[in-house]
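What follows is a short report on a single structure.
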Amino acid sequence: MSRTSLGAGLRVEVLTSVCACQDLAHRWRELAVVAENPFALPEWHAAWVAAHPADAPFVLVCRAEDGEVAGVVPLVRRRRRLLAAGEQLADWFGPACAPGDELRVAAAVVAALARTEQRWDVWQLDRCRTGGRWIAGLLRAATGSTLKLLPNRGDDVLVSVDLERDGPDLTSGKKRRELERLSRRMREAHDVALRRSTTSATIERDLVALLHLRAVRWGAGFDSGSEAFLRALAASLARVDLLRLWAIDVDGAPAGVLLGWRLGARSFAYSQAFDRTHERFGIGMALLAHAVRASADEGCSHFDMLRGDEHFKGSFHLTCEAVTSYSAVRRRSFARLEAEALAAARSAYRRLSPQRREQLRRVLRI
């Protein structure tokens, strides 16, 4: 653990051991819940590190003058690169802190990373909320510092539903009636049960079903490390009552599973899959609609469908928010030159026509 004294009333500690992170878990979880950020939870970070031992903890803890933890920025270190635990499995990146504290946490973290003795070349900031206070604070703090933030890409969105504005029945009247008709047909043809998994046995069973259904549906599943990560994550979130794992049983077997969480006033739908044998009954939409209604019944104000604007999400009244990825590098470093060259190449690629892109992919075999 290293310490850096900073202005803005915050002191930053860098935790590089699993044990040190465990000692902080309760307060860290409180801040992640307040921030409504599942990807900043200690359970997410711990499960990833356990399943990926090559990624060492690199957790930045911001403390106020009285010693109280005001923010946690959970990272891992892979060789000389810093990144958020989860990589592509994490839908966005931000700190665990109270709303309104993002600016001073960002300032403290930038100052700490600029001065830290821990060697690193690139801090990879994947999918930060484009208009959020966190990235605004990082960009402001980096101005005039030894660090520079370079945008990589901004071609993805987060989607959510405002339950207070639109209510739990989020589809149009026609679509809702059609879904109800399909559900009745399924119940007439099969023994159907909708349930939430709460015991270790049903959680394990439903996760196995989810992973299998995903692999069958898309022809490839998660790798072994990601599967181990998701299992450990679900088990740990169940112990602190944050897990929301929904399933539809058809004739006694899981035919559809939705993995999600609840933090504060928001519920999250993270991963869903269903048996295509029952696709004609609208089983996927039925499961999602049930999860939305259950979230409203719990008192949630928002239901997050997270990253991507897939076609099926269009059945709901959605709010979309752009995300942008950045690389933070030291201004006087070879890493900065490499990152700037890569950013320029990506920008040039995006300006190409689809035909030119395909030609380039064939030449480069990507």
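The values are calculated or read from the model by the stated rules, or taken from the named source; none is laboratory data. From a predicted model like this one, the values you see are computed outputs, not experimental measurements. Backbone-built Cβ (ideal geometry, glycine too); neighbour counts: all protein chains shown.
Residue-by-condition table, conditions (1) farther than 24 Å from residue 49 by Cβ; (2) in contact with a Leu (Cβ under 6 Å, 6 or more places away or on another chain); (3) in the same structural domain as residue 26 (by TED's automatic domain parsing):
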| position | (1), (2), (3) |
| --- | --- |
| 192 | yes, no, no |
| 206 | yes, yes, no |
| 209 | yes, no, no |
| 223 | no, no, no |
| 257 | yes, yes, no |
| 263 | no, no, no |
| 278 | yes, no, no |
| 282 | yes, yes, no |
Of (1) outside any helix (DSSP H, G or I); (2) of a type outside the set (S, T, N, Q); (3) under 17 Å from residue 13 (Cα atoms), residue 107 fails just (1)
Answer yes or no: is there a residue in the range 287-306 that is in contact with a Ser or Thr (Cβ under 6 Å, 6 or more places away or on another chain) and at pLDDT below 90. no
Taking the condition at pLDDT 95 or above, closer than 30 Å to residue 99 by Cβ, outside the structural domain of residue 53 (by TED's automatic domain parsing) and among the hydroxyl-bearing types (Ser, Thr, Tyr), does residue 271 pass? no
Test result for residue 330, at pLDDT 80 or above, under 30 Å from residue 141 (Cα atoms), basic (Lys, Arg) and under 18 Å from the mean Cα position of the chain (by Cα): no
Out of the residues in the range 179-201 that are in contact (Cβ under 8 Å) with a residue 40 or more places away in the chain and of a type outside the set (A, V, I, L, M), which is surrounded by the fewest Cβ atoms within 10 Å (Cβ to Cβ)? 191
Restrict the check to the range 275-293 and report whether at least one residue is in contact with a helix residue (DSSP H, G or I) (Cβ under 7 Å, 6 or more places away or on another chain), buried (at least 23 other Cβ atoms within 10 Å of the Cβ) and in a strand (DSSP E or B). no
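Out of all the residues in the range 77-99, which are out of contact with any Phe, Trp or Tyr (no Cβ under 8 Å at 6 or more places or on another chain) and surrounded by fewer than 20 Cβ atoms within 10 Å (Cβ to Cβ)?
Once the filter is applied, which keeps residues that are out of contact with any Phe, Trp or Tyr (no Cβ under 8 Å at 6 or more places or on another chain) and surrounded by fewer than 20 Cβ atoms within 10 Å (Cβ to Cβ), the range 77-99 yields 78, 79, 87, 88, 98, 99.
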